[in-house]
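The next block holds one structure in the form of structure tokens; read it before the comments.
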């Protein structure tokens, strides 16, 4: 059911045309967001929807009726409005301000305050989290708290349609999340229809069912966040370079804004000079002079993140900890490593047997660091035959450092290339899965990290046949082979 139908609406301030044939519909219980740069007509559109401005051309139909057919009081019962700037009712308390929202429900020359009115005010104040300040004067509140008071006043109207202009304006992040989560709940539980202007495109993407995107008063796009949040479109509308990312827990796109100023380009041959190598009693620590973007399977720092420290920690072969991640974080902190900027791996292999291989190409440099042992070697193709899983410390840890800009596809391909090179090294060294008596493809707890400076030349791909992939393959293969031989020699001599 369409609660709101806007058809070919245009508006002009004297000679300035601010809206051009805007058309869209909003269904019951939908959270509908309006996006656009400053001056795109967003606030004017909301003022037309709220009857603050008279309609000049086109039509607006609300719940099957022309908007102009609603009296002011009738409209106040149906819709509530929270503008971006609200005149502060100084001298009023929180409760008194919220009580003004019940005006639309008062009847007669001398209206009577009812229990229903009291409960509506109490509920509205509770829902915006201001119960403890109910008797506080609003002139003593912060900007964010005041914004919540006005939202409570709108909610006290018990509307079916809620019109919001920057509803989280002046709120801290905690209050923003609480409020937006409540908006979603109200939309679902109360069938409340919400039309809201947003400036934060990520908040709009995360909380809106559909979006209307305006530019210079014209509709640029209309659809779901998944459909609209494309870097090319946002660059065209907002004149800002962005990159689309996946939200970690819901099927919603997030946009990362890209800086425009130039980064210093690393001189070829200087990759290793950007790092400090420290060998401690039980770890190798590699520290970068500037953060690198990393994709890893490490115990600490898994997934994508930016890091300056890369730690490969040696633990005893009988290491056993129920919460290895927490224990590793404690270890890093004790040794002065910043956990949020550290890639942390564990190995039972002697750190003295670490191997480094370096290759300098025409447009890039690659540095591979490998520790390798095969105490828990496994054939991935035959692992299903194993009767049990004996968790052991990871034995093949690979770090690959690259000077260049990698796309997300290139990161994944770099990991694939490095993994294939590692597997070939195991094959050539005739490493056997002791349980299946077949060639091993790795160990049960291998770990890998690919780190790039994200400066200089862009590499869209890093597959085995690309120049970058060839360098990754060679360095990882040679380093893994050499590390395996060191491991075997140490075992034979012990």
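Values computed for the structure shown
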| read-out | value |
| --- | --- |
| Lone qualifier among 307, 380, 298 - being in contact with a strand residue (DSSP E or B) (Cβ under 7 Å, 6 or more places away or on another chain), modelled with pLDDT of 95 or more and part of a loop (DSSP other than H, G, I, E, B) | 298 |
| Wholly enclosed helices (runs of 4 or more DSSP H) of the stretch 49-132 bearing at least 1 residues at pLDDT below 90 and farther than 30 Å from residue 23 by Cα | 94-99, 115-127 |
| Which numbered condition residue 336 fails, given (1) surrounded by 13 or more Cβ atoms within 10 Å (Cβ to Cβ); (2) assigned to a loop (DSSP other than H, G, I, E, B) | (1) |
| Residues being under 17 Å from residue 207 (Cα atoms), in contact (Cβ under 8 Å) with a residue 24 or more places away in the chain and assigned to a loop (DSSP other than H, G, I, E, B) - total across the stretch 219-254 | 5 |
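For (1) loosely packed, with under 14 Cβ neighbours inside 10 Å; (2) under 28 Å from residue 122 (Cβ atoms); (3) in contact (Cβ under 8 Å) with a residue 12 or more places away in the chain; (4) not assigned by TED's automatic domain parsing to the domain that holds residue 216, each residue gets a yes or a no:
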residue	(1), (2), (3), (4)
6	no, no, yes, no
14	yes, no, no, no
22	no, no, yes, no
35	no, no, yes, no
38	yes, no, no, no
43	no, no, yes, no
56	yes, no, yes, no
59	no, no, yes, no
98	no, yes, yes, no
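The values are calculated or read from the model by the stated rules, or taken from the named source; none is laboratory data. Predicted, not measured: the structure shown is a model, and the values here were computed from it. Note that we place each Cβ from the backbone using ideal geometry, even for glycine, and neighbour counts take in every protein chain shown.
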